[in-house]
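Enquirer: Structure provided below as structure tokens; questions to follow.
The values are calculated or read from the model by the stated rules, or taken from the named source; none is laboratory data. In this text, all values refer to a predicted model and were calculated from it rather than measured experimentally. As a convention, Cβ positions derive from the backbone with ideal geometry for all residues, glycine included, and neighbour counts pool all protein chains shown.
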Amino acid sequence: MVKFTPRVRPPNIEEQMKKLRVVLAKADPGTLRMFVERLDLSWIYHDAALEGVVLSQNELMSALDPNVIPMPDSGMQMVYEEIRNHKKAIDIVRELATKRRIQMTLELLKKLYVTLYPSEGDAESVKYRKDTPLHRIVERLGAVTSRPPRPQAAVHGG
């Protein structure tokens, strides 16, 4: 005879966060600082990886060190700037998370966008794509393409 065991419901995010807050509340300041630093490194690393950019731990740590200034003509200058911008956006999100209620507004999204991509202008001048990317048209027609669209083309309209 086969015995069935009842399914155990996995904990939801609120339960997990409650446990994490208890652990963090007991942590000493040094451990807490190290945890937040590693969380930020992991956040930036994985977000960059989703965009197809692989960063080393050295690159991340150097970029986030305010005492490290890349050579002006090195290829790392742009990488460091992107990592630092990402950290600024994380800090904004972390600050918002301390508020009781967050209004997800177009202005907030624009603020985050120009924090990540300051070369795009200020929050007032951010333009949104008005055309439909080719891969969306192809999907609607049911055609299959041999390769997925470039992520940058969908984000920046190029």
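Table: residues versus (1) of a type in the set (Val, Ile, Thr); (2) assigned to a helix (DSSP H, G or I).
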site	(1), (2)
VAL8	yes, no
PRO11	no, no
VAL22	yes, yes
LEU32	no, yes
ALA49	no, yes
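Enquirer: Output the number of residues of the range 1-41 satisfying the condition of being hydroxyl-bearing (Ser, Thr, Tyr) and not assigned by TED's automatic domain parsing to the domain that holds GLN57.
Expert: 1
Enquirer: Residue check, ILE44 against (1) part of a loop (DSSP other than H, G, I, E, B); (2) of a type outside the set (Asp, Glu); (3) touching a residue at least 12 places away in the same chain (Cβ under 8 Å), all met but one. Which one?
Expert: (1)
Enquirer: Starting from the range 49-72, keep only residues that are in the same structural domain as LEU39 (by TED's automatic domain parsing), then list their pairs with residues that are small (Gly, Ala, Ser) and in a helix (DSSP H, G or I) whose Cβ atoms are within a distance under 9 Å, requiring at least 6 positions of separation or different chains.
Expert: VAL54/ALA48; LEU55/ALA48; LEU55/ALA49; LEU55/ALA63; LEU60/ALA48; VAL68/SER62; PRO70/SER62; PRO70/ALA63
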